[in-house]
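The values are calculated or read from the model by the stated rules, or taken from the named source; none is laboratory data. All values reported here derive from a predicted model rather than from experimental measurement. A quick note on method: Cβ atoms are made from the backbone with ideal geometry, for glycine too, and the neighbour counts reach across all protein chains shown.
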Amino acid sequence: MKILLIEDNLLNQKVVIYNLKKLNYEIVAVNNGFDAIEKIKDNSFNLVLMDIVLPGMNGFEITAEIRKIEKENAINKPVSIIALTANTLNNDREKCINAGMNDYLPKPFTAVELINMIKKFI
């Protein structure tokens with residue numbers, strides 16, 4: 001399984017990568033939306049883990065661009081996108097789903113919570 005991790009906090013990147021590499025997932029990490037879009041255009045990913053607050057483009061804007069690229073390329077099976085965010089207000093999950101993401105995992109989360117979330121999409 002190939003996962004794109006879009007996260008600007010390097011410590012958060014390291015923690016996620018460490019936990020997922022133990023399960024032999026291939027992780028590509030970027031720290032901004034512009035790099036994320038380039039990776040999406042150049043690679044095929046099974047899953048995207050998306051931070052919401054990022055420099056340049058936020059997670060909602062990146063998701064909209066990913067969905068636009070998928071539509072333009074007539075991709076039948078859109079990549080699953082899971083929001084990973086410290087935003088934990090009552091309607092944040094709904095905002096993520098309405099923006100085109102498939103699910104939402106609030107920070108901080110445990111390795112078990114992250115792995116269980118990923119397993120829902122594989």
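So which of Phe60, Phe45, Phe34 ends up being hydrophobic (A, V, I, L, M, F, W, C), in contact with a strand residue (DSSP E or B) (Cβ under 8 Å, 6 or more places away or on another chain) and surrounded by 13 or more Cβ atoms within 10 Å (Cβ to Cβ)?
Phe45
Looking at the stretch 6-24, is at least one residue part of a strand (DSSP E or B), closer than 17 Å to Ile115 by Cα and either among the acidic types (Asp, Glu) or touching a helix residue (DSSP H, G or I) at 6+ places or on another chain (Cβ under 7 Å) (or both)?
Taking every residue of the stretch 6-24 in turn, at least one turns out to be part of a strand (DSSP E or B), closer than 17 Å to Ile115 by Cα and either among the acidic types (Asp, Glu) or touching a helix residue (DSSP H, G or I) at 6+ places or on another chain (Cβ under 7 Å) (or both).
Name, by its number, the condition in (1) in a loop (DSSP other than H, G, I, E, B); (2) farther than 14 Å from Ile118 by Cβ; (3) under 12 Å from the mean Cα position of the chain (by Cα) that does not hold for Ala29.
Here Ala29 meets the rest and fails (1).
In this structure, does Ala86 turn out to be of a type in the set (Gly, Ala, Ser), at pLDDT below 95 and surrounded by 12 or more Cβ atoms within 10 Å (Cβ to Cβ)?
Yes.
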